[in-house]
Structure formats: C-alpha cells, structure tokens
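Participant: Please see the structure below; I have some questions.
The values are calculated or read from the model by the stated rules, or taken from the named source; none is laboratory data. These figures come from a predicted structure and were not determined experimentally. Don't worry about glycine lacking a Cβ; one is built from the backbone with ideal geometry, like all the others, and counts go over all protein chains shown. Side chains included, ligands, DNA and RNA excluded: accessible areas come from the protein's heavy atoms. Shrake-Rupley method; radii C 1.70, N 1.55, O 1.52, S 1.80 Å.
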Amino acid sequence: MSNTDRLNTLLEEDRTFEPPESFKAQANFNDPSVYERAANDPEGYWAEQAEYLSWFKPYSEVLNWNPPHAEWFVDGKLNAAYNCVDRHREGPNKNKAAIIWEGEQGNSQIFTYDMLGREVDKAAHMLKQLGVNKGDRVAIYLPMIPELPISMLACAKIGAIHSVVFAAYSAKALNDRITDTEAKLLITSDGSRRSGKILPLKDNADKAVKDTTVETTLVINNIGPDANTAWNKALDVDWGTLKQKMPTTPLEHEEMDAEDPLFILYTSGTTGKPKGIVHTTGGYLTGVNHSVRSIFDLKDEDVFWCTADIGWVTGHSYSVYGPLSAGGTSVMYEGGPAYPERDRFWDIVEKYGVTIFYTAPTSIRTFMKWGHEYVEKHDLSSLRLLGTVGEPINPEAWMWYHKYVGGEKCPIVDTWWQTENGSAMIAPLPGITTTKPGSATKPAPGIIADIFDGEGNPVEPGNGGYLVIKQPWPSMLRTVWGDDQRFKDSYFGDYDGIYTSGDVAHKDKDGYIWILGRDDDVINVSGHRLGASELESAIVSHDAVAEAAVIGRSDDIKGEAITAFVTLKERAQSSDELHDEIVAQIVDQIGKIARPDEVIFTASLPKTSSAKIMRRLLRDIAEGKAVGDTSTLEDPSVVEDLKEKYAEAE
Ligand code: WT7
C-alpha cells in the first residue's frame, strides 16, 4: 500500500475504544493531568522518573542540551546491571522470577533475580579474566538463550559496551559490525534451534572474526555434538569450562557515568553502511523504565512477554532492560511460532500466565491468516494488556488482535519508536488514552513530538507531514559510533535542534498521530529496517551485475516485500541460475531477512536527468499501479519495458 492509499484507509476508521473502567482503576498512570504536567516541565518530569532508578551518586543537572548533543543526568553515577539485577536481590523480589526461558523443544528454565545475579557475576568474572575492561566493546552473536541477556548484563556490570548482532545476520554482516566497533571479544554459541533445524552460528562467527580485532571467541554449548563445531584453539574458549573455574564471590559494579555508553546497536539508514546507534546508561535506563511503568502498566504480579528477538532494539528494551529495571518477570522463547504447531505462542501464554503481550503487526497478520482456532485452543484469560510495534497496524489486524487474543477486554498499546529512540515514544497510556485502531495515538508524557510541513511548521489537524521530535528525551541516541557527523546529518540536518524521524505521518482532527511509513529508501520488512542501498551494494558486488535498484512493495503479511530490479553487464545473460546466485549473494552478505521476493532483470532503470534512480516509479510498477509523474524521466520508454518485465517475472 502506498502512503496515500494507507491514509485513505485509515481516515475511514472511526471506531474508538475507551480504557475499560476496571483497567483504569488499577493503572499505574490514570490521571490525565500527567500529560500537561510533563509538557509544562519536561525536565522536572524526567527528573522524577529517574528517581525510580538507584544512583550511586546523584546527578547535578538534569539536562545539558547543546544541540544536537544532549547530556542527561550530568555527573550522576549508576550501573545498569545493579539496577536490573542486584538491587532486586536485596529486597522482596530476591526469589521472584526475573527471566522465564522456554526452548523450542518445550524445555524451560526459570531464573530468579538471585539466580540471575549469580550467573551475571560468573559471566562478568569471565569477561574480566579474558581481559575485557570498562569501555571495551564486546560483540554478542547469540540465539534467544538465557546467556544472551546474561552476557549483556555482565558487560553492563563491568562497564563494557555490548554490541548485539541478530543471530540470523550473515558472517559478512557480523564482520562489518565487529570491524566498526573494534570489539575485543565475541560471544557466540555452537548453534541455534529454529523450527526444528539447527543454524550454524559458530561457522558464521569463525568467518566473521577473521582479520578483526577479536582476540577471543567465547563459545556457549547450546546444541552439543549435533552442531559439529570446528574448534580453533588459538581463539576459542568454552563458556562452560571457563565458568566452572570462576570464583563464586560477587564482583563489584563499575560506577558508570550517566552518559557512559551502555550499548551500540546497528540499524539501517538511507545511504551507506549500517549505523552504530549509541545508547547511554542513565538516560536509556530512565526511558525504558518509565515506559514499562506507564505505557505497559507493569506491576509486580505481571508476566511480560515481548516476542521480539533480543537482537533488535525491541528485545533490548522490553525483554531485558525495561522489565528487569522495574523488577518485572520477562519471558523469552527460543524457537519458531509454528513449532510444533501454529498455537505455540498461545501455548506459552497459557503455560506461564502471561499478562502483558507485545508483538509486531506482521506476526498478528500471520496469526490471522492461520485462523483464530489456534488462539481459541488456549486459555488466555491471564492477558490484561496487548502491545504492537514495528510498523503501522492495519485496523483489521488491530480488531482481530483485540477480539481473539485480548478477549475484547485488553487495551492495546500501539507503540511507535525507533532504534534511535531507545524506548516507546508515541503510544497510548492504557489507563487514560482512548485508542483508535491503527493510530499510535499521542506522544508519551515527556515526549514533545509533532508533524511538520516542508517548511518546518507544525501541520494543522487533518494534515500530514514529517514526524519530528522537538525536544531531547533521556533515551535518545547520543551519536553514531565513530561518526558524529553522520549523527548530525541524519537526524538533525533538516531543522535546528529538532530530531527528524524519517517517517511521514498524519494528524487527525483530535490530534491523534497516524504513522504512514518511511519517507526514505528504507524498507520495513516484518518490522525490521533494511536500507535499499545495502541490498543494492550486495547485488552489485556480483560480477555479472551492472546496476541494481531495490524497493519495498506492499505485502499483506510482511508489510513490505523486497523487489530488486537488476541490469546486467553486456557480456552477461539473465538466467535462473543467475537469479539464484543474486539471491544467494544477498542472503550471504546480509542475512535471510533480506531475501528478495523478486529479482527482475531489465535492460535499464528509470532515472531522472540528474541520474537518480526513481524508486517511486519502480514501486508503482511493482504494485501494479498507474505510474505517477514521469516528466522528469530521462527516457520515458523505460517504463513500458519495465512493466512487461515485471509481468513476465510474476
Ligand atoms: C521504524 C523503526 C523500535 C521498534 C522496532 C523497529 C516503524 C515502528 C511503529 C508503529 C508504525 C512503526 C517506523 C520507524 N515503526 N513502530 N507502532 N507504527 N510504524 O525499530 O528497526 O529502528 O524501525 O519502524 O517506520 O521509523 P527500527
């Protein structure tokens, strides 16, 4: 769906849902005046929120804003692992479940805060033993096993900066990220289980560490002999063996400055290589902690399940740092949603009594396609709040989620945010906000966002434009790792001191925000951002290829599907083999998530007279629509040729 089509569909949406009285009555946030209070004094509001963390040393100033550089909680000292683990061991939550882990085979492991603390201490001792110190970078390439959050928290405990790389990324993608952060250590596992198959993580890791700064690969035995792992004595250390040798004594927390980096996480941009988004200790933790208490209404009795992989920011913030900083119980699952049957998620909700469930629209649409009978096989009465994230949710999927998963009693929080934002930005407060299916509603308290027209003026209700954030917020990115200029240009290049999200959105007559999608060449596949330029570089590195243009065309399930238009060098001939080689090249260089749905060979690509590829036009062709304005096209005959090629390929 193009942005205009999406807008027309959404504008016909006039259903509204009030928070149920019973929900309102118990909600952490149920006084509507919070919005005004936060808007009148954002710094005062955030200072209040920072009080929910434990500080070793109080800060002297809430915000030092030197646009586009923000320092939050200046001079304050704290430690993220202390806030997420050890402080809960000192109180009534000591023996409460922190992490409930379920494996694909139905095996499970529960870590209380006290147990988690001992695991984190052992892992932190291991990091120290391997020469990792404060400020060093540690790359983590792990499946959804308990050692993933344990490794992250161990880094946080000693002040090392983690850079988690999604386990389905390729060796090349991992190598790029290791190279950019100059990581000293890589933590990986022999393999991962997914939908009954074993994925060879260690093989990828071995390829990825070649010619990098990595001095040691710490390997977790997750699969065992079936993984058939090759062992490199010079580099590899076995996690289990080393762990046994570690002292049982706790390790002191490194006292981190509020502004010390906590982690780097890579995300795709419009141009060039992925950007290493840098998040800090005090601001990030304040942001995620505030959002679990407000938007997710997290309480002591809750069981919170965010289904995202921890390799994405959603998992960082809502499987690890958010719920744990608030002493919550977080569920994690290593496996596929249809394994062994299509009711696996509902089986997990029932088994552990999940109360808050957070997933992506692409998953909801898949569940819808499978049919509600899978949901109805289970008792989901424990659920009290649902959430979505990653892409706009179509009102029909919202209604289905509300009816079949939420039993018409759970508020739905549609949360808009980005890797760069750290925590949810535009989202309802479930005890206060009236929701509208398909709208992320309004900025959260303390977030000053708006929609601007091309001139930088806020649009009147009933209009659309560019979604911007007008004032700094604690969990904002601080820079792009190693490239501050890119940080300035990418996010603060359009308006002075104002953050540009890259999304276009519409403001309705009630001031509600409807996100329409990206305004740039970033493709959103199943809620994950991929840069068109990264995919194009992967294709062009094939020596038969002359040029490539990649676009996202609307797809009912995935949100966007990838279509690649490719022109070949003169000596090369298009063939099925070449098609497969190009697909393999993308999977090899980026990962399975980037596998194109179509590769179309064409004699030429549509370009403007200034030689820019007109991706908009390619999108129209792929979506079978009337092709828009072609007046700036250098050679208009290209369009007919492309349409033919596209029809043949389908
Ligand atoms: C992009 C950010 C941190 C969330 C996971 C993805 C899109 C995200 C929504 C939503 C409409 C959404 C935006 C944004 N997006 N949430 N609720 N409604 N669109 O993180 O990979 O950094 O992608 O996802 O286009 O810019 P990400």
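Participant: Contour minus end-to-end for Lys207 and Ile110, with contour as 0.36 nm per residue of separation and end-to-end as the Cα-Cα distance? Don't jump to the answer; show the numbers that get you there.
Facilitator: On the way: separation 97, 0.36 × 97 = 34.92 nm, distance 3.35 nm.
Gain on stretching Lys207 to Ile110: 31.6 nm.
Participant: I'd like the accessible area for Lys172: 1.4 Å probe, protein heavy atoms, all chains in place, Å² to the nearest 10.
Facilitator: Lys172 exposes around 90 Å² with every protein chain in place.
Participant: Further question on the same structure: When Lys and Arg each count +1 and Asp and Glu each count -1, what net charge do the other residues less than 12 Å away from Tyr45, Cβ to Cβ, add up to? All intermediate terms of the calculation are to be shown ahead of the outcome.
Facilitator: Numbers: positive: Arg37; negative: Glu36, Asp41, Glu43, Glu48, Glu51.
Residues near Tyr45 contribute -4 overall.
Participant: Then there is this: How far apart, in nm, are the 7 Å Cα→Cβ label points at Asp31 and Trp65?
Facilitator: 2.5 nm
Participant: A further question on this structure: Please list Thr179, Thr563, Thr270 in order of solvent-accessible area, largest first, computed with a 1.4 Å probe with all protein chains present. Walk me through the numbers on the way to the answer.
Facilitator: Numbers: Thr179 80, Thr563 0, Thr270 55 Å².
In descending accessible area the options line up as Thr179, Thr270, Thr563.
Participant: If the cut-off is a Cα-Cα distance under 28 Å, which lysines reach Lys77, setting aside same-chain residues fewer than 8 apart in sequence?
Facilitator: Straight-line reach from Lys77, under 28 Å: Lys57, Lys94, Lys96, Lys122, Lys128, Lys134, Lys157, Lys184, Lys275, Lys299, Lys470, Lys488.
Participant: What does the extension gain come out to for Thr434 and Glu570, with contour length at 0.36 nm per residue minus their alpha carbon separation? Before the final figure, lay out each step's value.
Facilitator: Values: separation 136, 0.36 × 136 = 48.96 nm, distance 5.95 nm.
Net length gain for the segment: 43.0 nm.
Participant: Along the charge dipole of the chain, pointing to its positive end and built from +1/-1 on Cβ of Lys, Arg, Asp and Glu, which listed residue (Gly628, Pro395, Thr307) has its Cα farthest out?
Facilitator: Checked the options; the winner is Thr307.
Participant: Using a/c under 1.5 as the rounded threshold, could you call the range 64-192 rounded, prolate or oblate? The axes a ≥ b ≥ c are square roots of the C-alpha gyration tensor eigenvalues, and prolate needs a/b larger than b/c, oblate otherwise.
Facilitator: On the way: a/c = 1.78, a/b = 1.06, b/c = 1.67.
Taking the square roots of the gyration eigenvalues as a ≥ b ≥ c, the range 64-192 is oblate.
Participant: Per 0.36 nm of contour for each residue apart, how much would the distance between Lys625 and Thr241 grow if the chain were fully extended, relative to their Cα-Cα spacing? Don't skip to the answer; put the middle values down first.
Facilitator: Details: separation 384, 0.36 × 384 = 138.24 nm, distance 6.00 nm.
Length gained, Lys625 through Thr241: 132.2 nm.
Participant: Can you spot the lysines whose alpha carbon is less than 27 Å from Lys369's alpha carbon? Ignore those fewer than 8 places along the same chain.
Facilitator: Lys197, Lys351, Lys377, Lys403, Lys409, Lys436, Lys558, Lys592, Lys625
Participant: Let me ask something else. When the solvent-accessible surface of protein heavy atoms is calculated with a 1.4 angstrom probe, in what order do His542, His69 fall, highest first?
Facilitator: Order by accessible area, largest first: His69, His542.
Participant: Right, here's the next one. Please report how far the C-alpha centroid of the range 224-281 lies from that of the range 338-394, rounded to the nearest whole angstrom.
Facilitator: Between the Cα centre of the range 224-281 and that of the range 338-394, the gap is 31 Å.
Participant: Can you give the charge dipole size of the chain about its Cα centre, rounded to the nearest 20 debye, using +1 on the beta carbon of Lys and Arg and -1 on the beta carbon of Asp and Glu? Please list the in-between numbers first.
Facilitator: Working: 65 positive and 99 negative charges, 314 e Å.
The dipole magnitude comes to about 1500 debye.
Participant: What percent do you get for the relative contact order of the chain when only Cα pairs under 8 Å and 6+ apart count?
Facilitator: Values: 1408 pairs, mean separation 89.3, N = 650.
Once normalised by length, the contact order is 14 percent.
Participant: Ranked from highest to lowest mean number of other Cβ atoms within 10 Å per residue, what is the order of the peptides 530-539, 146-155?
Facilitator: Numbers: 530-539: 22.1, 146-155: 26.8.
Sorting 530-539, 146-155 by mean packing, highest first, produces 146-155, 530-539.
Participant: Could I ask something else about it? Please work out the FRET efficiency for the pair Thr248 and Glu215, using the Cβ-Cβ distance as r and a Förster radius of 35 Å; give the result to the nearest 0.05. Mind showing how you got there, number by number?
Facilitator: On the way: r = 26 Å, r/R0 = 0.75.
According to the calculation, E is roughly 0.85.
Participant: Measuring from centroid to centroid over Cα atoms, what is the spacing of the range 592-647 and the range 176-192 in Å?
Facilitator: Here the answer is 38 Å between Cα centres.
Participant: A follow-up question, please. Per residue, how much accessible area does the chain have with a 1.4 Å probe, in Å²?
Facilitator: Working: 24740 Å² over 650 residues.
Normalised by residue count, the accessible surface of the chain is 38 Å².
Participant: OK, next. Using a Förster distance of 51 angstrom, determine the FRET efficiency expected from the C-beta separation of Ser609 and Ile198, and round it to 0.05.
Facilitator: Details: r = 52 Å, r/R0 = 1.03.
With R0 = 51 Å, the Cβ-Cβ based efficiency is 0.45.
Participant: Follow-up. Please list, in chain and number order, the residues 5+ apart from Lys184 or on another chain whose amide H is under 5 Å from its amide H, with Hs placed from the backbone.
Facilitator: So Lys184 has HN proximity to Arg137, Ala139.
Participant: If we sort 388-396, 80-88 on the protection proxy, mean other Cβ atoms within 10 Å, highest first, what's the order? Before the final figure, lay out the partial values.
Facilitator: Working: 388-396: 22.3, 80-88: 25.7.
Result, highest mean Cβ count within 10 Å first: 80-88, 388-396.
Participant: Let me know the charge dipole size of the range 497-640 about its Cα centre in debye, to the nearest 20, where only the beta-carbon of Lys, Arg (+1) and Asp, Glu (-1) is charged. Don't skip to the answer; put the middle values down first.
Facilitator: Working: 16 positive and 27 negative charges, 82 e Å.
About 400 debye.
Participant: OK, next. Compute, for Lys592, the solvent-accessible surface of its heavy atoms (probe 1.4 Å) with the complete set of protein chains present, and express it in square angstrom to the nearest 10.
Facilitator: Accessible area, nearest 10 Å²: 120 Å².
Participant: Right, next: If Lys and Arg each add +1 and Asp and Glu each add -1, what is the summed charge of the other residues whose beta carbon sits under 12 Å from the beta carbon of Ala427? Display every interim value, and only then the final one.
Facilitator: On the way: positive: Lys442; negative: Asp297, Asp414.
Summing Lys and Arg as +1 and Asp and Glu as -1 gives -1.
Participant: In terms of modelled amide H atoms, which long-range or inter-chain residues lie less than 5 Å from the amide H of Ile277?
Facilitator: Leu265, Tyr266, Thr267, Trp481
Participant: Rounded to the nearest 0.05, what FRET efficiency do Asp347 and Ser541 have when you use their Cβ-Cβ distance and R0 = 35 Å?
Facilitator: 0.25
Participant: Can you give me the solvent accessible area of Trp312 with a 1.4 Å probe, rounded to the nearest 10 Å²?
Facilitator: Surface open to solvent at Trp312 totals about 30 Å².
Participant: With the full set of protein chains in place, find how many percent of the accessible area of the range 276-326 is carbon and sulfur; take the probe as 1.4 Å.
Facilitator: Numbers: 290 of 590 Å².
Carbon and sulfur: 49 percent of the exposed surface of the range 276-326.
Participant: Under 12 Å from the Cβ of Thr362, count the other residues' Cβ atoms, weight Lys and Arg +1, Asp and Glu -1, and hand me the total. Could you put the intermediate results ahead of the total?
Facilitator: Details: positive: Arg365, Lys369, Lys558; negative: Glu391, Asp555, Asp556, Glu560.
Local charge sum for Thr362: -1.
Participant: Between the alpha-carbon centers of the range 113-130 and the range 439-479, tell me the distance in whole angstrom.
Facilitator: 41 Å
Participant: With the cut-off at 1.5 for a/c, could you classify the range 455-570 from its C-alpha gyration tensor as rounded, prolate or oblate?
Facilitator: Working: a/c = 2.55, a/b = 1.55, b/c = 1.65.
Verdict is oblate for the range 455-570.
Participant: Does the range 221-370 come out rounded, prolate or oblate, given a ≥ b ≥ c as the square roots of the eigenvalues of its C-alpha gyration tensor, rounded meaning a/c under 1.5 and, failing that, prolate meaning a/b above b/c? Spell out each step's value before the answer.
Facilitator: Numbers: a/c = 1.39, a/b = 1.12, b/c = 1.25.
In terms of gyration-tensor shape, rounded.
Participant: Another question about this same structure. With a cap of 16 neighbouring Cβ atoms within 10 Å, and only residues DSSP puts in a loop, list the trypsin sites (Lys or Arg not before Pro) found in the range 184-285. Please report the intermediate quantities before stating the final value.
Facilitator: Numbers: sites: Lys184, Arg193, Arg194, Lys197, Lys202, Lys207, Lys210, Lys233, Lys243, Lys245, Lys275; in loops: Lys184, Lys210, Lys233, Lys245.
Here the trypsin sites (Lys or Arg not before Pro) that fit, given the DSSP loop and packing criteria, are Lys210, Lys233, Lys245.
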